[in-house]
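Take a look at the structure set out below.
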Amino acid sequence: MSRIGKAPIELPKGVEVKFDGGVVKVKGPKGELTQPMDSDFKIGIEDGMLELTRPSDNKRHRSFHGLYRSLINNMIIGVSEGYKKEMELVGVGYRASNKGQLLELTVGYSHPIFFALPDEVKLTTTSEKGQTPRVILESIDKQLIGQIAAKIRAFRKPEPYKGKGIKFVGEVLRRKAGKTAAK
């Protein structure tokens, strides 16, 4: 029994959902997203609520029911509100800057790291005195922004002793105690 798949999705004003030929198209004020989907599933819209129904109770349909509902929900949230990820660079001499869609990171290596972002993601960097440099990513596609944020974080993951590295804002790191002096 898929509890997630059975839950209805509320459609905000200005969001249109179309399903034809195995492709779901969601259009809203911030943009348009498409997602391929099994054509066996049915989408019903009534009174501003969207419901996803599966054709049968076989294992394949049950396994995709909650997945497709979550993907459609993420698309609806993306085109109406958008997604935002903030990352901070913790460490002495760590810097971030951008020229358009090209991110330049200085994170303790002998060379700067250049990372080109796709046009679907809006990139901003901030460097204020007394605060850690921040990289802010905004997009309507939840999967794309999460993938890009994970790639940026992988350049210098936070280490457990001093906490230096690239981390998400609000992320709690598991810290370890350092060496203790032997007597």
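The values are calculated or read from the model by the stated rules, or taken from the named source; none is laboratory data. The structure displayed is predicted, hence computed values, not measured ones. Every residue, glycine among them, receives a Cβ derived from its backbone with ideal geometry; neighbour counts consider all protein chains shown. Each accessible area value is taken on the protein alone, full model and side chains, heavy atoms only, with ligands, DNA and RNA left out. Shrake-Rupley method; radii C 1.70, N 1.55, O 1.52, S 1.80 Å.
Accessible surface computed residue by residue for the chain, with neighbouring protein chains in place and a 1.4 Å probe, gives 63 Å² per residue.
In the assembled protein chains, ASP47 presents an accessible area of approximately 150 Å² (probe radius 1.4 Å).
What the phi angles of segment 151-167 give under the Karplus curve with 6.51, -1.76 and 1.60, with θ = phi - 60°, is a coupling list of 5, 5, 5, 5, 5, 7, 5, x, 8, x, 8, 9, x, 6, x, 9, 9 Hz, glycine and proline written as x.
Over all pairs of distinct alpha carbons, what does the Kirkwood formula give as the hydrodynamic radius of segment 1-48, in Å?
Values: mean 1/r = 0.0830 Å⁻¹.
Radius from the Kirkwood sum: 12.0 Å.
Loop-located chymotrypsin sites (Phe, Trp or Tyr not before Pro) across segment 120-172 with a Cβ neighbour count of 12 or fewer within 10 Å are TYR161, with loop assigned by DSSP.
Please work out whether segment 75-183 counts as rounded, prolate or oblate from its C-alpha gyration tensor, where a ≥ b ≥ c are the square roots of the eigenvalues and a/c under 1.5 means rounded, while otherwise a/b larger than b/c means prolate and anything else oblate? Each step should come with its number before you reach the end.
Values: a/c = 2.47, a/b = 1.71, b/c = 1.44.
Because a/c hits 1.5 or more and a/b exceeds b/c, segment 75-183 counts as prolate.
Here's the list of lysines a cross-link from LYS30 could span, going by alpha-carbon distance under 26 Å and ignoring same-chain residues fewer than 8 apart: LYS13, LYS18, LYS42, LYS84, LYS85, LYS99, LYS122, LYS142, LYS151. Taking all protein chains together and a 1.4 Å probe, the residues MET49, MET37 rank MET49, MET37 from largest to smallest accessible area.
Short version: what are the Cα gyration tensor semi-axes of the chain, square root of 5 times each eigenvalue, largest first, in whole Å? Kindly include the intermediate steps, with their values, before the conclusion.
Working: eigenvalues 330, 88, 36 Å².
So the equivalent ellipsoid measures 41, 21, 13 Å along its semi-axes.
Relative to the longest principal axis of the Cα atoms of the chain, helix 59-80 runs at roughly 70 degrees.
Please list SER139, SER97 in order of solvent-accessible area, largest first, computed with a 1.4 Å probe with all protein chains present.
Details: SER139 10, SER97 50 Å².
From most accessible down to least: SER97, SER139.
In terms of overall dimensions, the C-alpha atoms belonging to segment 82-124 reach 33, 17, 11 Å along their principal axes, ordered largest to smallest. Nonpolar atom fraction for the chain, defined as the carbon and sulfur part of the 1.4 Å probe accessible area, stands at 51 percent.
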